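Colleague: The structure's right below; bear with me while I get my questions together.
The values are calculated or read from the model by the stated rules, or taken from the named source; none is laboratory data. Small disclaimer: the values here were computed from a predicted structure and weren't measured. Here Cβ is always computed from backbone atoms with ideal geometry, including for glycine, and neighbour counts include all displayed protein chains.
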Amino acid sequence: MDFYVRPMHSGDIPQVTQIEREAFATTWPPTAFRRELGNRMSRYLVISAEADGYKVGGSGPVVQSLVPPAAWVQRMVEGVKNIFGVPPEIINPEQEFVAGYVGIWFIVDEAHITSIAVREPLRRTGLGELLVMASVELAMVRRAQRVTLEARISNEPAHALYEKYGFKKINIRKRYYSDNGEDAYIMTVDSILSPSYQRKFEEMVTLYNRRRGEAKRILA
């Protein structure tokens, strides 16, 4: 199964809500994704499955056509229900399988990653890194100067991933997480529009593509 990144739409809400519950079980109230999709300051991206027959392209980051063969979609739907434990009512043959998502708020010249999650069976497969990569790219497209996020102090694998893309720990938010009162690191990467950072970023994208294979990233 090949994956690509695209903007989230309202049809993705049931699956994204399920991923949020799985990744952030204590989040209350749950994110009002329908409202978020209508917020001009926020953007959500999802990782979807891609089939032969998808036509993705054109000039600029725009989807021209996303109409997979019906038989393939039916097989894919049945497969992901069985493999990933997706309840039958969550996905139907008219929908694409969603493997993960990221939410980003844009405030003045800063992009703030508010949440990022991948389905549990697909973690540690490079999809989280793909979402980070797409978030930074979208921030560049939106002409943001920096990207910021919070990460649990105990989540060392996440720190390593973010640091790979230039994020640095700049402060601590005390008792940021309501489930156990854990502190969060504030991590920021500055000057993402500078030539030096963009060279580094392109190197990271090239390394990712060599390791994982090139994945389409449709940002708007």
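Colleague: Which condition number does Arg34 fail, the rest of (1) closer than 19 Å to Ile116 by Cβ; (2) modelled with pLDDT of 90 or more being met?
Modeller: All conditions are met except number (1).
Colleague: Hey, can you tell me all the residues within segment 184-196 that are of a type outside the set (S, T, N, Q) and in contact (Cβ under 8 Å) with a residue 12 or more places away in the chain?
Modeller: Ala184, Tyr185, Ile186, Met187, Val189, Asp190, Ile192, Leu193
Colleague: Please work out which residue is farthest from Thr114 (Cα to Cα), limiting yourself to segment 197-219 and to residues that are touching a helix residue (DSSP H, G or I) at 6+ places or on another chain (Cβ under 7 Å) and either free of Cβ contacts under 8 Å to residues at least 60 places away in the same chain or in a loop (DSSP other than H, G, I, E, B) (or both). Walk me through how you get there before you give the answer.
Modeller: Pass one, segment 197-219, residues touching a helix residue (DSSP H, G or I) at 6+ places or on another chain (Cβ under 7 Å): 201, 204-205, 208, 215, 217, 219.
Adding the requirement that they be either free of Cβ contacts under 8 Å to residues at least 60 places away in the same chain or in a loop (DSSP other than H, G, I, E, B) (or both) leaves 215, 219.
Numbers: Ala215: 23, Leu219: 17 Å.
If we take residues in segment 197-219 being touching a helix residue (DSSP H, G or I) at 6+ places or on another chain (Cβ under 7 Å) and either free of Cβ contacts under 8 Å to residues at least 60 places away in the same chain or in a loop (DSSP other than H, G, I, E, B) (or both), then Ala215 is farthest from Thr114 (Cα to Cα).
Colleague: Here is a list: Glu110, Glu163, Glu156, Glu202. Which entry is modelled with pLDDT of 95 or more, of a type in the set (Asp, Glu), surrounded by fewer than 18 Cβ atoms within 10 Å (Cβ to Cβ) and over 24 Å from Arg43 (Cβ atoms)? I'd like the intermediate steps shown before the answer.
Modeller: Values: Glu110 fails: over 24 Å from Arg43 (Cβ atoms); Glu163 fails: over 24 Å from Arg43 (Cβ atoms); Glu202 fails: over 24 Å from Arg43 (Cβ atoms).
None of the others qualify; the one that does is Glu156.
Colleague: Would you be able to tell me the number of residues in segment 198-220 that are among the small types (Gly, Ala, Ser) and more than 14 Å from Val132 (Cα to Cα)?
Modeller: Going through segment 198-220 one residue at a time, the tally reaches 2.
Colleague: Where the second residue is surrounded by 13 or more Cβ atoms within 10 Å (Cβ to Cβ) and of a type outside the set (A, V, I, L, M) and the first is without any contact (Cβ under 8 Å) to a residue 12 or more places away in the chain and lies in segment 156-174, which pairs have Cβ atoms under 6 Å and are six or more apart or on separate chains?
Modeller: Taking only residues 6 or more apart or on different chains, the pairs are Lys174/Asp183.
Residue-by-condition table, conditions (1) hydrophobic (A, V, I, L, M, F, W, C); (2) surrounded by 14 or more Cβ atoms within 10 Å (Cβ to Cβ); (3) on the phi > 0 side of the Ramachandran plot:
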{"position": "Gly103", "(1), (2), (3)": "no, yes, no"}
{"position": "Leu127", "(1), (2), (3)": "yes, yes, no"}
{"position": "Glu150", "(1), (2), (3)": "no, yes, no"}
{"position": "Arg211", "(1), (2), (3)": "no, no, no"}
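Colleague: Could you list, in sequence order, the residues of segment 172-187 that are surrounded by 16 or more Cβ atoms within 10 Å (Cβ to Cβ), out of contact with any Ser or Thr (no Cβ under 8 Å at 6 or more places or on another chain) and hydrophobic (A, V, I, L, M, F, W, C)?
Modeller: Across segment 172-187, the qualifying residue is only Ala184.
Colleague: Among the numbered criteria (1) surrounded by fewer than 16 Cβ atoms within 10 Å (Cβ to Cβ); (2) more than 22 Å from Val108 (Cα to Cα); (3) at pLDDT below 95, which single criterion is violated by Ser196?
Modeller: (3)
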